[in-house]
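These notes concern the structure reproduced below.
We did not get these values from a lab; they are worked out from the coordinates using the rules stated. Source: prediction; values computed, not measured. Positions of Cβ are backbone-derived with ideal geometry, glycine not excepted, and every protein chain shown enters the neighbour counts.
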Amino acid sequence: MIGVVVVTHGNLGRELIRAAELIKGDLKGVAHVSVDATRGVEDLKKEMTTAIKKADKGEGVLILTDLFGGTPSNISLSFLKKDKVEVVTGVNLPMLLKMPDARAGMTLAEFADFIAEYGRKNIYLASAILNRKTEN
Amino acid sequence: MKRSLVRVDNRLVHGQILESWIPFLHASCIVVVNNEVAGDVFRESVIRMAVPRGIEVVFCGIDDFAQWQNPEKESDNHRHTIILFESIEDVIRAYRLGFRFEDLNVGNVQNNVGRTRKIGTRVHLSDSEIEDLMMLVRLGVDVEIRSVPRDRPVSFADAVGNTRGD
């Protein structure tokens with residue numbers, strides 16, 4: 001199983017996982033790391049190293065982080081390693097919900113690509129959809 | 001509004017810069033003055049990708065930067081620039097090499113062994129860093145402690161007076 005680590009500003013990651021579990025039940029192989037102002041980058045890197053090691057069951061680890069260019073993403077990118085660690089930014093709830101069903105049978109690279117695309121596709125402007133429906 | 005922000009931030013370009021300072025200042029240029037990042041293709045390209053399109057990003061080692069120019073003096077240039085240093089040590093080095101500025105913003109200095117003074121939640125200072133900043137204050141630099149534009153700026157000189165009184 002591909003491991004997943006959610007790395008975010010504050011407790012966003014923990015709460016996203018909690019919200020996903022409300023809908024989907026217990027999520028296996030998902031950890032989170034909180035980045036806040038009080039902690040140094042080296043300290044955070046140590047926590048990330050531990051979280052990645054723990055999440056890695058041999059098929060690699062996908063890091064989901066919130067904001068490209070933010071500290072969680074900057075730290076995550078330093079762990080990028082081909083076939084071992086991939087990073088996807090802009091984490092959202094649809095991604096977390098899809099993840100358990102999607103990761104079986106995919107390589108890490110495929111899974112990362114799929115989740116990035118899935119997260120992107122699941123943002124809608126509601127009025128645009130409604131207008132489209134009424135036009136049909 | 002001041003043209004340039006000279007800032008110490010141990011995280012260099014990160015969320016606070018991208019989402020708070022750039023829009024607040026309407027900055028159109030960021031200068032990252034750092035010996036490790038300048039020339040590191042990976043870190044340079046990550047920062048370039050993170051910064052919104054249309055904003056110029058310049059990477060520069062400390063010595064080169066101090067010799068290169070004094071951006072505050074560019075009177076024909078109406079751009080707002082953010083000049084980032086990773087540490088107080090680095091900005092002091094640039095100052096000693098000739099970089100001059102009227103205001104210094106200290107945004108994030110992470111907690112390390114030896115940094116026993118804490119000002120606000122995000123700035124930790126050692127005795128020698130306090131001395132260095134006091135030197136800047138005596139030389140007429142206005143040193144403020146502020147992570148994001150919406151925070152109330154704290155005058156470094158006042159804050160040090162307060163922590164000494166504790």
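Listed by first and then second residue, the pairs with beta-carbon distance under 9 Å, at least 6 apart or on different chains, first residue in region A:110-136 and within 21 Å of A:LEU62 (Cα to Cα), second assigned to a helix (DSSP H, G or I) and charged (D, E, K, R), are A:PHE114/A:LYS98; A:ILE115/A:LYS98; A:TYR118/A:LYS98; A:GLY119/A:LYS98; A:ASN122/A:LYS98. For region A:77-136, the helices (runs of 4 or more DSSP H) that sit wholly inside it and include 1 or more residues that are closer than 16 Å to A:THR65 by Cα are A:93-102, A:108-121. Please work out which residue is surrounded by the most Cβ atoms within 10 Å (Cβ to Cβ), limiting yourself to region A:16-43 and to residues that are outside any loop (DSSP other than H, G, I, E, B) and facing chain B (nearest Cβ under 10 Å). Residue satisfying both the conditions and the ranking: A:VAL35.
Residue by residue through region B:1-15, note down the ones that are within 14 Å of another protein chain (Cβ to nearest Cβ) and in contact with a Phe, Trp or Tyr (Cβ under 9 Å, 6 or more places away or on another chain). It would help to see each step written out before you state the result.
Of region B:1-15, the ones within 14 Å of another protein chain (Cβ to nearest Cβ) are B:9-15.
Within region B:1-15, B:ASP9, B:LEU12 qualify.
Listed here are the residues, each with its yes/no results for (1) loosely packed, with under 15 Cβ neighbours inside 10 Å; (2) more than 10 Å from chain A (Cβ to nearest Cβ); (3) small (Gly, Ala, Ser).
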{"site": "B:ILE17", "(1), (2), (3)": "no, no, no"}
{"site": "B:TRP21", "(1), (2), (3)": "no, yes, no"}
{"site": "B:ALA27", "(1), (2), (3)": "no, yes, yes"}
{"site": "B:ASN35", "(1), (2), (3)": "no, yes, no"}
{"site": "B:GLU44", "(1), (2), (3)": "no, yes, no"}
{"site": "B:VAL51", "(1), (2), (3)": "no, no, no"}
{"site": "B:GLY61", "(1), (2), (3)": "no, yes, yes"}
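Looking at A:ASP101, A:ASP83, A:ASP36, A:ASP66, which one is acidic (Asp, Glu) and under 12 Å from the mean Cα position of the chain (by Cα)? Selected residue: A:ASP66, the only one of A:ASP101, A:ASP83, A:ASP36, A:ASP66 that is acidic (Asp, Glu) and under 12 Å from the mean Cα position of the chain (by Cα). Residue count for region B:1-26 satisfying the condition of being part of a loop (DSSP other than H, G, I, E, B) and touching a Lys or Arg at 6+ places or on another chain (Cβ under 8 Å): 1. Only a single item in (1) under 26 Å from B:GLN67 (Cβ atoms); (2) over 14 Å from the mean Cα position of the chain (by Cα); (3) part of a loop (DSSP other than H, G, I, E, B) is not met by B:ARG100, and it is number (2).
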